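Heads up: the structure comes next, in structure tokens.
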2 protein chains.
Amino acid sequence: MQVFYSWVMELVDPTCSPAEHKTERTRLAMPTALAIDLASRLCRALGEPSRLRLMALLANGERCVTELAEAEGEELSTISQRLRVLRAENIVVRRRRGKHINYALADEHMIDLIATVLAHAAEPSRPVAEEQPT
Amino acid sequence: MQVFYSWVMELVDPTCSPAEHKTERTRLAMPTALAIDLASRLCRALGEPSRLRLMALLANGERCVTELAEAEGEELSTISQRLRVLRAENIVVRRRRGKHINYALADEHMIDLIATVLAHAAEPSRPVAEEQPT
């Protein structure tokens, strides 16, 4: 009942007008459509457990495909395909080390990103916060 | 040709054995299957431009559905549906303010996350890095 009441409140509350809510809201400029599109593609590329596992492996340092395949217990071709998806979104890059080619997270952003999503996943979910009006 | 050569190298390079690559790799413990699953669901929920735009709006402070619908030029029911997806993954939470219900990013992780994916989206993609062997 509480849930239903909340839902109805959202839809019909006549006292809720945007003008009431104007506060400090300038931390992040509204991104362009292109930025939103690229960012959502980045998230989709990460939205698959097997690709996220590769990210977690690479967060500990660059690795070659052979190492990744061994860690995952998968064929080289399977790992290469996953890496291709991640490279297409500039999530991982290739680094040539003499005759070897290693894969690495593209930048520190990606280390932060994988750490953040895993930290968030480890948190318990929260109930509806009941707070006094400010 | 270079691309093809690189690809073949990945697949067949007989000199590449995992033992050669062991270096400092202890920054992130390998996450559990559950953590990977939850994190990938989080990424999938963000992998859609309209939901990511809501995140960008909420990064500047909590808002009610009416405000979000006005900002997006969408129906309340459409915004409510998107918020439901984000709430299911604990990305946004509801906060009751007297008679109002506001939506907010669940925690600072989510502010970091939206900032990180947008910053990454704003970067130019990189070519294959050519580096000397170490």
Problem set entry | Accessible-area order (highest first, 1.4 angstrom probe) of the listed residues A:MET30, B:MET55 | A:MET30, B:MET55
For this session: Run the numbers on the range B:40-107 and let me know its relative contact order in percent, using alpha-carbon pairs under 8 Å that are six or more apart.
Result: 36
For this session: Could you run the Karplus curve 6.51 cos²θ - 1.76 cosθ + 1.60 with θ = phi - 60° over the range B:81-98 and give me ³J(HN,Hα) per residue in whole Hz, x for Gly and Pro?
Result: 5, 5, 5, 4, 4, 5, 5, 4, 9, 6, 8, 10, 10, 9, 10, 7, 10, x
For this session: List the distances, in nm to one decimal, from the label point of A:GLU108 to the label points of the same position in every other copy, shortest first, placing each label point 7 Å from Cα along the Cα-to-Cβ direction.
Result: 1.7
Problem set entry | Formal net charge of residues neighbouring A:ILE36 (Cβ-Cβ distance under 13 Å; K, R +1; D, E -1) | +1
Exercise. Measuring from a point 7 Å out along Cα→Cβ, what nm distances, shortest first, does B:ALA119 have to its partners in the other copies?
Worked result: 1.3
For this session: Between copies, how far apart are the A:SER77 label points? List them in nm, one decimal, shortest first, with each point 7 Å from Cα toward Cβ, please?
Result: 4.8
Exercise. What is the average number of partner chain Cβ atoms found within 10 Å of a Cβ in B:99-109?
Worked result: 4
Problem set entry | Karplus 3J(HN,Hα) series, Hz, for the range A:56-65 with 6.51 cos²θ - 1.76 cosθ + 1.60 (x for Gly, Pro) | 5, 5, 6, 4, 9, x, 5, 9, 8, 4
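The values are calculated or read from the model by the stated rules, or taken from the named source; none is laboratory data. Note that the structure is predicted; figures quoted are calculated from it, not measured. As a convention, Cβ positions derive from the backbone with ideal geometry for all residues, glycine included, and neighbour counts pool all protein chains shown. Remember, those area values only see protein heavy atoms, side chains included, never the ligands or the DNA or RNA. Shrake-Rupley method; radii C 1.70, N 1.55, O 1.52, S 1.80 Å.
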